[in-house]
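Undergrad: Quick one: the structure is below, questions incoming.
The values are calculated or read from the model by the stated rules, or taken from the named source; none is laboratory data. Predicted, not measured: the structure shown is a model, and the values here were computed from it. Please note: Cβ atoms are built from the backbone with ideal geometry, for glycine as well, and neighbour counts cover all protein chains shown.
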Number of protein chains: 2
Amino acid sequence: MLLRMSSLFLRTLRDDPADAEVPSHKLLVRAGYVRRVAPGIYSWLPLGKLVLENVTRIVREEMNRMGGQEVLFPALLPRDYYEASGRWTEYGDLLFRLKDRKGADYLLGPTHEELFTDMVKGEYSSYKDFPVTLYQIQTKYRDEARPRAGILRGREFVMKDSYSFDLDDDGLKRSYEQHREAYIKTFERLGIDYRICFAMSGAMGGSASEEFLAPAPSGEDTFVSCHSCGYAANAEAVTTPAPPEVTGERPPLRVLDTPGTPTIETLVDFVNERFGLGVTAAHTLKNVVLKVRTPGSDKAETLVVGVPGDREVDFKRLEGALAPGVPEIFEAADFAKHPGLVRGYIGPQVLKDLGITYLVDPRVVTGSSWVTGANEPGKHAADVVAGRDFVPDGTIEAAEIRAGDECPRCGSPVSIDRGIEIGHIFQLGRKYADAAQLDALGPDGKQIRITMGSYGIGVSRALAVIAEQKHDELGLVWPREVAPADVHIVATGKDNQIEVALDLAGELEATGLRVLVDDRKGVSPGVKFKDAELLGVPTIVVIGRGLAQGVAELRDRVTGVKEEIPLAEAAALVAAACRT
Amino acid sequence: MLLRMSSLFLRTLRDDPADAEVPSHKLLVRAGYVRRVAPGIYSWLPLGKLVLENVTRIVREEMNRMGGQEVLFPALLPRDYYEASGRWTEYGDLLFRLKDRKGADYLLGPTHEELFTDMVKGEYSSYKDFPVTLYQIQTKYRDEARPRAGILRGREFVMKDSYSFDLDDDGLKRSYEQHREAYIKTFERLGIDYRICFAMSGAMGGSASEEFLAPAPSGEDTFVSCHSCGYAANAEAVTTPAPPEVTGERPPLRVLDTPGTPTIETLVDFVNERFGLGVTAAHTLKNVVLKVRTPGSDKAETLVVGVPGDREVDFKRLEGALAPGVPEIFEAADFAKHPGLVRGYIGPQVLKDLGITYLVDPRVVTGSSWVTGANEPGKHAADVVAGRDFVPDGTIEAAEIRAGDECPRCGSPVSIDRGIEIGHIFQLGRKYADAAQLDALGPDGKQIRITMGSYGIGVSRALAVIAEQKHDELGLVWPREVAPADVHIVATGKDNQIEVALDLAGELEATGLRVLVDDRKGVSPGVKFKDAELLGVPTIVVIGRGLAQGVAELRDRVTGVKEEIPLAEAAALVAAACRT
């Protein structure tokens, strides 16, 4: 491959695009890799398309090596498949829906469990056929409420999704492990720094699940990691260790006058000063009222969530815990309809009588005692004991996780970081096989229900993540395997530098290298260097003033190291540099 | 590449699918290459995906060789681009339209003129930037009224579309010629038999245009070819040579009583017998009433089309001639609203007074004399002279073309065949550049309006066309470059044939060949042979009973020639056979 900048469809930009906040978005636009068409919808320019192809190829090679077989489903799908699985409704607003000219309902596929299941059911029927793993690399669609960060979170994006089909749980575990290994190889080849984190299953149903998260300040996911035992988990999936239950006699509940205590902080100060309780925010029980809407339904159920007063409710954890239900703000109008809920003074003591579901943080164990609302304006209650003065309907993982919290595995303090989800592997189990009645006829003539795994890699997102992790103040720094070229030859000067550069480019191309050569006339060396740094090809060769002395300059984009090399040996030395 | 049938996700079918009428549809389904998901929407199974990749790769290589630069646009597009060009409306029902969660209008791209134009406008501004040719290979969407023939005419399909951007008409012609050459190479590599035909521009606007049509009985297009001068044209685009105008005195128009003459045939017989006119159907003028609807509008204009009575109106030619207007049947209710139009007895004499547009076949020249309706029940008129008794508003190419018609170029009789459009090259001109104001700043500081070419290849359709043209009664017969594998090794027998077959497969794979090996146990030789013939890999090797004598059988799927080869030399001989 030999690309000449003089004719390459590429214009770099000096300034960051106005709507860009994260480095990958800024740099991919500035370097002329992508252009915005609509919110969360981008076009790929030639260099961007090359990088996207490289990422795709690596993903494909590792899927094939693992024994995956590539198929390709439509993106435009009839409603019935998703109706059968319940996801036509469950997906809510995330689904792009449309009608064809006959008025039939269609959707743009956000993920293809239903289709894979149906395909296997259509072709396979005997236990001898299994296991099988199918995958596709395809454009997918999700109508994100907040598309952001360029192609990091788009509404049209490229994804690799695969599914394993096994006869039993052990088989599923093997398929899952194979995918895990393949993902490790894939992300290593892509040059991505990642962590494997325990994950929630989300709207997918199923059990064991891990995410590959790429640490990045711009990440939308928060993950917890323990440097002591190696535990890592998406904050959504972190389970809070419950303290032991408390037994024995406790003083009776008492109601306290607490005027002017609108916040936990003012409440704690007030009860400590006025009543000498000696409590901290962690001893108070904060009750948050929500509406939970089931997708496809107009009705919303009222839910109260109780968390220790020193912690906020983490909305993503809450969403994860309630999925597919969607939590919504409980507004003034809703309070007006529930006079029993006294805003600012809600205590769980009355919820059973009000017929409102109450879910609590796992720390709220039986026998634990709390300062909480007394369900009267200006009043709180102390010595409110779980199991005695109120009985929660269950627990919920909704409280924020904080750095220094106990590791759920070893108890050491954990740290908290932000990351971007680039992969998800998931023991889906029999949810979709049940919906589609996907069975295999066993050796004994009995039907065996198939168990599935579901595995995804965000292909276009992985590209953005590489840009997010691999850049410096000058521009992109691509790992060689994904770079749009192996070497970027910059010809500066007014003599025959361009000619020499083109000769060298030809020689390097002949050895199988992918070459980009800046053969533009009338463009200053400064602009050419800046472009080379911005574009991020890992090896840069400068044919410039040294030409008279028979030398070129070899630059390593990663280390910044420059060395002079004799022009006569340039082809061999550059090729060697590209192949280390 | 080494695929083992024992684990390949493939089940061939013995019977043709119920909804399939054309060979490619039957065979691609039976051979397990594709499966139907919805009308005109298909999934690709592993072998189908491999063939699709091969076709795609060939198209890409030839586009790159020609100097095309690959980009990738979204399929989900906001309305504004198509609103600006007028195609949001013009496309009518063919467009899949949808709304996002905020109620904004989107469409699924049927073709991307607007986006390419906008992209070039965004990046380029100087005459020095041009010419440039961009292309993409992408999934496209059209809500066809009659999706049919499997992937030959789908609603979701893969297309290569490219656009050239030039400063002047000569540049456009060069770009057009380059594409023409690249298409010739592409279709030759794909092994497709094709004709280059003059074409209509359809809803695209613009001027010079040619189609690559693959002759096939199942084709939806009709094309004309002249074996004498080499002229070839889509029937839609054939221009009818006009005979010379007729001058001199003619008898006056006379009205004849013609009871019981509902058809042209009965009319001709009647007027010849009763009035001794001595005319044929070709001397009668048949007037067809239509409504023409403008997409996006509720109003339909009335139009009368006059053609010689010996010819039917060809609806596709009519549609082509009226595009983007859409012709519709003039129904009884419409006649009721136009009492001046006497059904069965319409003559053009009254149309001007009725305010109805009248377009005629080019044979209806000034001075030509016709037998036609007299606009009274049971009456016709003779000696109705064009230019004297009626003046048409213009001509229209709507009459059917017939084998034996005069070649518009040389006058020899033409032949008529059916074909499938696989490519279209088109000098689009400045339509979209005008809409988008796509200019380049010239060397003199003046703006130059860019002129564009538009070029398409139906990638998934080309695959189906190969299947349509390359098959026999046993199954598919792929050209090597698009075949899912180079060689299909069939192991029959109960001894160590499978082992030997796998060894040979490994050897062949090591030489770079793509190998499919039928290593299934418990499957009869007959079934394996039938599958090999159905799948259509060009070279078949049988490891069977000859194993004891140290021989294998080498079969050529195209010629059917079989020869015994010594097993010891099998790898070398098979490799040689695959590389001829």
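Undergrad: Could you tell me whether residue A:24 is closer than 30 Å to residue B:7 by Cα and not β-branched (Val, Ile, Thr)?
TA: No; evaluated as a whole, the condition is false for this residue.
Undergrad: Further, regarding this structure: Quick one: in region B:1-58, of everything that is of a type in the set (Asp, Glu) and either closer than 28 Å to residue B:189 by Cβ or touching a residue at least 24 places away in the same chain (Cβ under 8 Å) (or both), which residue is surrounded by the fewest Cβ atoms within 10 Å (Cβ to Cβ)?
TA: B:21
Undergrad: If only one of A:121, A:102 is crowded, with 16+ Cβ neighbours inside 10 Å, over 21 Å from residue A:156 (Cβ atoms) and either more than 10 Å from chain B (Cβ to nearest Cβ) or not acidic (Asp, Glu) (or both), which one is it?
TA: A:121
Undergrad: Condition (residue is over 19 Å from the mean Cα position of the chain (by Cα) and crowded, with 23+ Cβ neighbours inside 10 Å) applied to region B:180-203: is it met by at least one residue?
TA: no
Undergrad: Suppose we filter B:192, B:184 for residues that are modelled with pLDDT of 90 or more and outside any loop (DSSP other than H, G, I, E, B); which single one remains?
TA: Selected residue: B:184, the only one of B:192, B:184 that is modelled with pLDDT of 90 or more and outside any loop (DSSP other than H, G, I, E, B).
Undergrad: A further question on this structure: Just the residues that are closer than 26 Å to residue B:519 by Cα, within 14 Å of chain A (Cβ to nearest Cβ) and not aromatic (Phe, Trp, Tyr), please, taken from region B:15-41.
TA: Scanning region B:15-41 gives B:28, B:29, B:30, B:31, B:32, B:34, B:35.
Undergrad: Given the criteria surrounded by fewer than 22 Cβ atoms within 10 Å (Cβ to Cβ), more than 24 Å from the chain's Cα centre (by Cα) and farther than 22 Å from residue B:460 by Cα, does residue B:97 qualify?
TA: The answer is no for residue B:97.
Undergrad: Of the residues A:108, A:115, A:76, which single one is within 10 Å of chain B (Cβ to nearest Cβ), farther than 20 Å from residue A:428 by Cβ and over 21 Å from the mean Cα position of the chain (by Cα)?
TA: On inspection, the qualifying residue turns out to be A:76.
Undergrad: Restricting attention to region A:408-425, does a residue exist that is under 30 Å from residue A:128 (Cα atoms), crowded, with 18+ Cβ neighbours inside 10 Å, among the charged types (D, E, K, R) and in the same structural domain as residue A:197 (by TED's automatic domain parsing)?
TA: Within region A:408-425, none of the residues are under 30 Å from residue A:128 (Cα atoms), crowded, with 18+ Cβ neighbours inside 10 Å, among the charged types (D, E, K, R) and in the same structural domain as residue A:197 (by TED's automatic domain parsing).
Undergrad: To continue, here is another question. Determine if region B:227-234 includes at least one residue that is in the same structural domain as residue B:33 (by TED's automatic domain parsing) and either of a type in the set (A, V, I, L, M) or in a strand (DSSP E or B) (or both).
TA: no
Undergrad: Quick check on region A:471-488: of everything there that is among the aliphatic types (A, V, I, L, M) and under 24 Å from the mean Cα position of the chain (by Cα), which residue is surrounded by the fewest Cβ atoms within 10 Å (Cβ to Cβ)?
TA: Here the answer is A:477.
Undergrad: So is residue A:45 within 9 Å of chain B (Cβ to nearest Cβ), farther than 19 Å from residue B:484 by Cβ and not β-branched (Val, Ile, Thr) or not?
TA: Yes.
Undergrad: Oh, and also: Does residue B:323 satisfy the condition of being modelled with pLDDT under 90, farther than 27 Å from residue B:419 by Cβ, buried (at least 17 other Cβ atoms within 10 Å of the Cβ) and not acidic (Asp, Glu)?
TA: It is false that residue B:323 is modelled with pLDDT under 90, farther than 27 Å from residue B:419 by Cβ, buried (at least 17 other Cβ atoms within 10 Å of the Cβ) and not acidic (Asp, Glu).
Per-residue answers, yes or no, for (1) assigned to a loop (DSSP other than H, G, I, E, B); (2) under 30 Å from residue A:94 (Cβ atoms):
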residue	(1), (2)
A:255	no, no
A:267	no, no
A:270	no, no
A:273	no, no
A:291	no, yes
A:295	yes, yes
A:298	yes, yes
A:304	no, yes
A:324	yes, yes
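Undergrad: Oh, and also: Give just the number: which of (1) hydrophobic (A, V, I, L, M, F, W, C); (2) crowded, with 24+ Cβ neighbours inside 10 Å; (3) modelled with pLDDT under 95 does residue A:462 not satisfy?
TA: For residue A:462, the failing item is (3).
Undergrad: Of everything in region A:514-549, what is in a loop (DSSP other than H, G, I, E, B), hydrophobic (A, V, I, L, M, F, W, C) and under 40 Å from the mean Cα position of the chain (by Cα)? Give them in sequence order.
TA: A:537
Undergrad: Would you check if residue A:127 is touching a strand residue (DSSP E or B) at 6+ places or on another chain (Cβ under 8 Å) and facing chain B (nearest Cβ under 9 Å)?
TA: Here the answer is no, as residue A:127 does not meet what is asked.
Undergrad: Could you tell me which of the residues A:62, A:53 is at pLDDT 95 or above, in a helix (DSSP H, G or I) and more than 10 Å from every other protein chain (Cβ to nearest Cβ)?
TA: Just one listed residue meets the conditions, A:62.
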